[in-house]
Amino acid sequence: MAMTVRKIVHIDMDAFYASVEQRDNPELRGKAVIVAWRGNRSVVCAASYEARQFGVRSAMPAVRAERLCPNGVFLPPDFPRYRAVSHQVHEILERHTDLIEPLSLDEAYLDVTENKTGLPTATQVAVTIRHQIRTELNLTASAGVAPNKFLAKIASDWRKPNGLFVIQPEEVDSFLWPLPVGRLPGVGKVMEKRLKGFEVRTVGDLRTIELAILEGRFGRYGVRLYDLARGIDESEVVPDRPTQSISAEDTFERDLLLSEMEPVIRRLAEHTWAASRKESRIARTVVLKLKTSDFKILTRSRTPSSPPSSCEELTNIALSLRDRVGLNPKQRFRLVGVGLSNFRDPEDASDQPALFS
């Protein structure tokens, strides 16, 4: 019996926070808007497309964004307002399907294999959603349509901003083959460098590597790479999946001592804090993850009496967790990560009202 081909749509709001600011303040339209707290340790939460022309990107240090775009308009993020607009977007999505998996305030997967409105194709569902967002909210969204989640996410980025790209099932191979391998989920700069050691630069190159070799070299992720290179992704759209954890990590070019890690931990804490602001739920536990030079992973965590209420508080807890590692001070590490976990609904964390003020 043949499996039903899924119809997946990935909706991604264009420069969401910056676009909301430009929509609500006409004086900002056409200007380079950078949503970020000021400060040496802050990162960019969002940049308008006018700012991106100067090379400004999300998660970039704010001081670097200021150097690249000295005339940019810097605005502190207003997360309660962004959450309210995100809720309006979600209401539009719910007209079409109940199978919605939000990834953050500004993007979501939809399974429209069957849809509520009786539209004959997933493409028409995506067209309709984008039209409704534009006319009702005066914002733009890009959409990708594909037979699975990972392809739909790649497709939504293909014609940004305000674009639509469709990958039909019969087009999967021809679409994937020439892509740089870095476009696959989980292939960051370090993994890309390792794959280049195999002369793997494109997905087509990756297709030539046998499963046993990939699994032997990269373990379970090698199996995932083998599937992704063939356009296989069986993961379902899971509605209302609560966030379990958020983290940012970095693999070093050369192994570091614990005593050398403070600047990296500070930067990763800033990334994690910015990502956590997209969540409606509150994290109670701070996690420090380390990987030794011989690939052993260890974690240290702390759950303070009240959740971290600022990036500085998160950073200080993460730095204090270094003191609990308990290894030889000459031990070197190849990776460090800073995470937040143990997410709770705001009403369950009422001892921390300032978090969303």
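If a residue must be out of contact with any helix residue (DSSP H, G or I) (no Cβ under 8 Å at 6 or more places or on another chain) and not basic (Lys, Arg), how many such residues does segment 237-251 contain?
7
Could you tell me whether any residue of segment 129-147 is modelled with pLDDT of 95 or more, assigned to a loop (DSSP other than H, G, I, E, B), out of contact with any Gly (no Cβ under 6 Å at 6 or more places or on another chain) and closer than 22 Å to LEU228 by Cβ?
Filtering segment 129-147 down to residues modelled with pLDDT of 95 or more leaves 129-147.
Narrowing further to those that are assigned to a loop (DSSP other than H, G, I, E, B): 138-140, 147.
Then keep just the ones that are out of contact with any Gly (no Cβ under 6 Å at 6 or more places or on another chain); that gives 138-140, 147.
Checking which are closer than 22 Å to LEU228 by Cβ leaves us with 147.
Within segment 129-147, one or more residues are modelled with pLDDT of 95 or more, assigned to a loop (DSSP other than H, G, I, E, B), out of contact with any Gly (no Cβ under 6 Å at 6 or more places or on another chain) and closer than 22 Å to LEU228 by Cβ.
Scan segment 61-75 residue by residue and report those that are closer than 21 Å to CYS311 by Cβ and hydrophobic (A, V, I, L, M, F, W, C).
ALA62, VAL63, ALA65, PHE74, LEU75 - these are the residues of segment 61-75 that are closer than 21 Å to CYS311 by Cβ and hydrophobic (A, V, I, L, M, F, W, C).
For segment 1-21, give me each residue that is within 26 Å of ARG277 (Cβ to Cβ) and touching a Ser or Thr at 6+ places or on another chain (Cβ under 6 Å).
The answer is HIS10, ASP12, ASP14, ALA15, ALA18.
Within segment 296-310, can you find the residues that are over 16 Å from ILE246 (Cβ atoms), touching a strand residue (DSSP E or B) at 6+ places or on another chain (Cβ under 8 Å) and not in a strand (DSSP E or B)?
The answer is PRO304, and nothing else.
Do you know which residues across segment 38-51 are farther than 30 Å from LYS149 by Cα and either without any contact (Cβ under 8 Å) to a residue 60 or more places away in the chain or crowded, with 18+ Cβ neighbours inside 10 Å (or both)? Before the answer, list the steps.
Going residue by residue through segment 38-51, those that are farther than 30 Å from LYS149 by Cα are 38-42.
Those that are farther than 30 Å from LYS149 by Cα and either without any contact (Cβ under 8 Å) to a residue 60 or more places away in the chain or crowded, with 18+ Cβ neighbours inside 10 Å (or both): ARG38, GLY39, ASN40, SER42.
Output yes when any residue across segment 289-310 is hydrophobic (A, V, I, L, M, F, W, C) and touching a Pro at 6+ places or on another chain (Cβ under 8 Å), and no when none is. Working first, answer last.
From segment 289-310, those hydrophobic (A, V, I, L, M, F, W, C) are 290, 295, 297-298; that's our starting set.
Still in the running and touching a Pro at 6+ places or on another chain (Cβ under 8 Å): none.
Taking every residue of segment 289-310 in turn, none turns out to be hydrophobic (A, V, I, L, M, F, W, C) and touching a Pro at 6+ places or on another chain (Cβ under 8 Å).
Going by the structure shown, is ARG277 in contact with a helix residue (DSSP H, G or I) (Cβ under 8 Å, 6 or more places away or on another chain), assigned by TED's automatic domain parsing to the domain that holds PRO304 and either of a type in the set (Ser, Thr, Tyr) or at pLDDT below 90 (or both)? Working first, answer last.
Values: in contact with a helix residue (DSSP H, G or I) (Cβ under 8 Å, 6 or more places away or on another chain): yes; assigned by TED's automatic domain parsing to the domain that holds PRO304: yes; either of a type in the set (Ser, Thr, Tyr) or at pLDDT below 90 (or both): yes.
Considered against the rule, which asks whether it is in contact with a helix residue (DSSP H, G or I) (Cβ under 8 Å, 6 or more places away or on another chain), assigned by TED's automatic domain parsing to the domain that holds PRO304 and either of a type in the set (Ser, Thr, Tyr) or at pLDDT below 90 (or both), ARG277 comes out as yes.
The values are calculated or read from the model by the stated rules, or taken from the named source; none is laboratory data. These numbers come from a predicted model, not from an experiment. Neighbour counts are summed over all protein chains in view; Cβ atoms, including those assigned to glycine, are modelled from backbone coordinates with ideal geometry.
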